[in-house]
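The values are calculated or read from the model by the stated rules, or taken from the named source; none is laboratory data. Remember, predicted model here, so these are calculated numbers, not experimental data. No Cβ is skipped: glycine too gets one built from the backbone with ideal geometry, and neighbour counts run over all protein chains shown.
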Amino acid sequence: MKFLDEIMSETLIICKNSFKERVLELKRLIPIKFMGIDEFISKYYFSYDESAILYMMKKYGYKYEVAMMYLDNLYYIDDIKYGCEKLDFLVKIKKELENEGLLIYNDDFRKYISNVDVILYDIRMTKYLKRMLSSVKYRVIDREYHEYEHVIYSFKTMEEECEYVAYEICKLIYNGIDVNNIKLSNVDSSYYNTLERIFSLFNLRINIPYKAKLSSYEIASEFIKLYREKSLEEALSLIDENEAMYGEIIKIINKYRKYNDKELIIYKIEKSNLIAIIYDK
């Protein structure tokens, strides 16, 4: 990351989130702003919200994911006649959404990037990106790779492996290493139960990234069933507000109620993931 030392004026770095986190951990004052490539594209061209998705669903009868697929493909077309049915249909959709005021343009962002340096770090350049950035002052920096030698350990069982790791972590903590700087990598869900059980024996707490569908909870499935048949207020009145997941349902309703679309709220409840709480130390 030596190139960071050369940055003296305001710079926008387009990168993956992992690189952003590494730089922030340096706790240095550098005149930079971070952005992911998808965010950059939507700010440079246009963005959209649930209103555009609902328009596509109602007018063309698309499912939520299909409507999003069409919207995301609009970034890659020009306002021209292609002579190809599929591409010309995308042009038609784009013009419809523009006329309906459903595409959100950010003219201020284009002015902003014309006055700052732009760096693409570890982003694969394509003809599409090169064309998009033709009027932008930018440079591409490839990811820095280093060679390391590693000691490899093997174990007969998962339990032995987790015991060894727990013991090594205890040694690190005993030697003054901040527990927040100790990470486990390449751990899939098959390890979760064993890690929790063995780490508890060593008095070690571990953040397990459990994910669960909100719809897997009985109260959510009950609400969806009621809401399909009744009004929102009636459906809410018939479920137990003391249930733990009641608040999660209310959060989704409050966020999407303004669109006045029953199927959208049901879809969001069905697809919503609950992420485990992350504890410090």
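General remarks:
- Selection of the range 182-232 for residues being under 25 Å from SER18 (Cα atoms) and of a type in the set (Ser, Thr, Tyr) yields SER185, SER189, SER190, TYR191, TYR192, TYR210.
- The set of residues from the range 254-267 being free of Cβ contacts under 8 Å to residues at least 40 places away in the same chain and buried (at least 17 other Cβ atoms within 10 Å of the Cβ) comprises just one member, ILE265.
- Within the range 43-151, helices (runs of 4 or more DSSP H) holding 3 or more residues that are at pLDDT 90 or above, within 28 Å of SER272 (Cβ to Cβ) and under 26 Å from the mean Cα position of the chain (by Cα): 50-60, 64-73
- Top-ranked residue of the range 152-176 - restricted to ones that are more than 31 Å from the chain's Cα centre (by Cα) and either small (Gly, Ala, Ser) or outside any helix (DSSP H, G or I) (or both), ranked as surrounded by the fewest Cβ atoms within 10 Å (Cβ to Cβ): ILE152
- Residue count for the range 232-281 under the criterion of being assigned to a loop (DSSP other than H, G, I, E, B) and of a type in the set (Val, Ile, Thr): the result is 3.
- Considering the conditions (1) surrounded by 10 or more Cβ atoms within 10 Å (Cβ to Cβ); (2) over 22 Å from LYS16 (Cα atoms), ARG110 is excluded by exactly one of them, (2).
- Condition broken by TYR279, with the remaining ones in (1) more than 30 Å from LEU172 (Cβ to Cβ); (2) in contact (Cβ under 8 Å) with a residue 60 or more places away in the chain satisfied: (1)
- Residues satisfying the criterion are present in the range 25-33 (criterion: in the same structural domain as ARG131 (by TED's automatic domain parsing) and touching a helix residue (DSSP H, G or I) at 6+ places or on another chain (Cβ under 7 Å)).
- Flag if TYR227 is among the hydroxyl-bearing types (Ser, Thr, Tyr) and either out of contact with any Pro (no Cβ under 9 Å at 6 or more places or on another chain) or touching a residue at least 40 places away in the same chain (Cβ under 8 Å) (or both): yes
- Single condition TYR121 does not satisfy, out of (1) buried (at least 16 other Cβ atoms within 10 Å of the Cβ); (2) within 19 Å of SER47 (Cβ to Cβ); (3) of a type outside the set (D, E, K, R): (2)
- The residue list ILE182, ILE239, ILE224 contains one member that is at pLDDT 90 or above, within 30 Å of LYS262 (Cβ to Cβ), within 28 Å of the chain's Cα centre (by Cα) and β-branched (Val, Ile, Thr), which is ILE224.
- Selected residue (criterion: modelled with the highest pLDDT) from residues of the range 242-253 that are surrounded by 15 or more Cβ atoms within 10 Å (Cβ to Cβ) and of a type in the set (D, E, K, R): GLU248
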